[in-house]
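Right, one structure below, let's go through it.
The values are calculated or read from the model by the stated rules, or taken from the named source; none is laboratory data. Computed from a predicted structure; not experimentally measured. Cβ: placed from backbone, ideal geometry, glycine included. Neighbour counts: every protein chain shown. Side chains are part of the model used for accessible areas, which takes the heavy atoms of the whole protein and leaves out ligands, DNA and RNA. Shrake-Rupley method; radii C 1.70, N 1.55, O 1.52, S 1.80 Å.
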Amino acid sequence: MSLELTGVVSEHFETRARPDGFEITGDGRLRRLSVEFGDGWEPLDHAVDEVGIQLRHPAGVTAQVQVTSGPRVRLQVVLTSERDEVVTVPGPLLRVEGELPAICWLAEASGEIVLPSERGPGLLTQRRGLCTDGPEPGTAYLLESEPLLRARASMASSWTYEAQQGDILDIPGEPSWFPFDRYPALGHSVELSVPDGLVAADDEVRVTEEDGEFELFPPLGLSNVGVWGPAGRTLLEIGSRHDAERLRERMAQGRMVDDAWAYVAVRHMMESWTPDELVDRVDFVLGQVLETPTAWSAAAAHLATQLGLPLEDEAQEAATQVLSRGRTDDVILLAMHGLVPIDLLGGGWPIGNFAELGVEALSRIGYGRVRSAGPALRGRDVAVAKLFAAGLGESEQGLRASSYAMVAEHRLLCVLSVQASPLDLAWLSIG
């Protein structure tokens, strides 16, 4: 049977019962949404129709799934216990698919799933429930993985889906109560306004409060705080970071024979006074790593010529060898250092499709949006997203892409402030 989204943007879906639950499929921003039940759950044959399904678990719990049309498609899942004592059952699992990987923020009392699309985004919003990350990307436990039901009690989860107009770079704004900056520099605060709630954090996060206005001072790295409101606790990630210059200085003091380390050290030398010992160390390391050329060693040698090291011939020879391998990331890196001709505005991108590479990078960094799961942030993706934004110029799209990349960069700097990675820091040091 069919289901309709009838808002500003309309979409059409087909519905069907499954042996393990219920699903809707479409060809819009939301391609598939299913509610799946695990071991022990069985559908009740007499309670299946075009807009939902009922199931029963031998522990004495029934489940009802209902999906309804409207300006927002509404999904409701209700678990009801028939027992006179507390019981736990496998929780219902929400699975979502769109054109690109879903951006999931599943934080107990609050939850949003964004579906980027060439036609503008789709947005799923939890209206009631207790959502947590599922076992796979794009999945969510609607009421935790093993909900506990009191005697003769019910638990409910309710979500809505809406579609918005726009393009592949349009993403819905985050909740209005979010702090302006979740990842400030060390010593600066994260400001939260929660007039009707409270904020709970561990001892490492210093919290001050006055009339519902909270200031949080997190330690270096990433931290989670609990924001309590009428619906319960929402988990929110915040963090604190050193800037890239401080991290380069700290890494340059190490003693590594590594091409990415050499690049970071050269970048550090270009922005500060440099002791002779570090110059000698970098010269030695470049001599070692250029024996087996990489894009990083070529770029580091090329930049080192600005410091008086006579390595331009070696840099060009290394770049030629690296280019012969044709690896996308290598070509991108060399292009960003002028070792490959590049003209973004004129369409002179040296390898692949510039727009596709940029959108892929934005997708991997989650468009800078809050999320509770997803691939680990990489310096490479942040750097490519920044390059993509620069190529878009001062256009509205360019400004949006730049803001997404900036948030992701600040979050990654929080991580690198407590867990050094020469490769990620090297990517963040380009420019």
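Sub-6 Å Cβ pairs linking a first residue in region 151-169 that is within 23 Å of GLU118 (Cα to Cα) to a second residue that is β-branched (Val, Ile, Thr) and buried (at least 16 other Cβ atoms within 10 Å of the Cβ), at least 6 apart or interchain, are THR160/THR125; TYR161/VAL73; ALA163/VAL9; GLN165/VAL9; ILE168/VAL359, ordered by first then second residue. Remark: pairs (first residue in region 304-327, more than 15 Å from GLY287 (Cβ to Cβ); second residue in a loop (DSSP other than H, G, I, E, B) and modelled with pLDDT of 95 or more; Cβ separation under 7 Å; 6+ apart in sequence or on different chains) = GLN321/PRO293; VAL322/PRO293; VAL322/THR294. Cβ-Cβ contacts under 6 Å between residues 6 or more apart (or on different chains), taken from a first residue in region 407-431 that is among the β-branched types (Val, Ile, Thr) to a second residue that is at pLDDT below 95 and open to solvent by 20 Å² or more (accessible area, probe 1.4 Å), are listed as ILE430/MET336.
Considering the conditions (1) in contact with a helix residue (DSSP H, G or I) (Cβ under 9 Å, 6 or more places away or on another chain); (2) open to solvent by 30 Å² or more (accessible area, probe 1.4 Å), PRO116 is excluded by exactly one of them, (2).
For (1) assigned to a loop (DSSP other than H, G, I, E, B); (2) of a type in the set (Asp, Glu); (3) at pLDDT 95 or above, each residue gets a yes or a no:
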residue: VAL370; (1), (2), (3): yes, no, yes
residue: GLY391; (1), (2), (3): no, no, no
residue: ARG400; (1), (2), (3): no, no, yes
residue: SER403; (1), (2), (3): no, no, yes
residue: ASP424; (1), (2), (3): no, yes, yes
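Within region 383-391, is even one residue within 11 Å of the chain's Cα centre (by Cα), within 27 Å of VAL96 (Cα to Cα) and aliphatic (A, V, I, L, M)? No, the conditions are met nowhere in region 383-391. Restricting attention to region 100-107, does a residue exist that is open to solvent by 40 Å² or more (accessible area, probe 1.4 Å), touching a Leu at 6+ places or on another chain (Cβ under 8 Å) and not in a strand (DSSP E or B)? Yes: region 100-107 contains one or more residues that are open to solvent by 40 Å² or more (accessible area, probe 1.4 Å), touching a Leu at 6+ places or on another chain (Cβ under 8 Å) and not in a strand (DSSP E or B). Here is the figure for region 209-220: residues that are in a strand (DSSP E or B) and at pLDDT 95 or above total 4.
When the residues of region 237-294 are filtered to those that are aromatic (Phe, Trp, Tyr) and part of a helix (DSSP H, G or I), the one that is nearest to VAL205 (Cα to Cα) is TRP261.
Filtering region 146-202 to residues that are surrounded by 15 or more Cβ atoms within 10 Å (Cβ to Cβ), part of a loop (DSSP other than H, G, I, E, B), modelled with pLDDT of 95 or more and among the small types (Gly, Ala, Ser) leaves GLY166, SER189, ALA201.
Being open to solvent by 20 Å² or more (accessible area, probe 1.4 Å) and touching a Lys or Arg at 6+ places or on another chain (Cβ under 9 Å) is a property that GLU237 has. Out of ALA295, ALA335, ALA301, ALA319, one residue alone is farther than 30 Å from ALA185 by Cα and more than 33 Å from the chain's Cα centre (by Cα). It is ALA301. For LEU94, indicate whether it is under 27 Å from the mean Cα position of the chain (by Cα), among the hydrophobic types (A, V, I, L, M, F, W, C) and open to solvent by 20 Å² or more (accessible area, probe 1.4 Å). It is false that LEU94 is under 27 Å from the mean Cα position of the chain (by Cα), among the hydrophobic types (A, V, I, L, M, F, W, C) and open to solvent by 20 Å² or more (accessible area, probe 1.4 Å). For region 227-248, a residue qualifies if it is farther than 17 Å from GLY379 by Cβ and acidic (Asp, Glu), and exactly one does: GLU237.
The set of residues in region 415-431 being open to solvent by less than 40 Å² (accessible area, probe 1.4 Å) and of a type outside the set (S, T, N, Q) consists of LEU416, PRO422, ASP424, LEU425, ALA426, TRP427, LEU428, ILE430. Would you check if there is a residue in region 1-16 being under 30 Å from ARG150 (Cα atoms), part of a strand (DSSP E or B) and either open to solvent by less than 40 Å² (accessible area, probe 1.4 Å) or free of Cβ contacts under 8 Å to residues at least 40 places away in the same chain (or both)? There is no residue in region 1-16 that is under 30 Å from ARG150 (Cα atoms), part of a strand (DSSP E or B) and either open to solvent by less than 40 Å² (accessible area, probe 1.4 Å) or free of Cβ contacts under 8 Å to residues at least 40 places away in the same chain (or both). Only one entry of ARG83, ARG74 meets the criterion of being surrounded by fewer than 22 Cβ atoms within 10 Å (Cβ to Cβ) and either under 21 Å from the mean Cα position of the chain (by Cα) or part of a strand (DSSP E or B) (or both), and that entry is ARG74.
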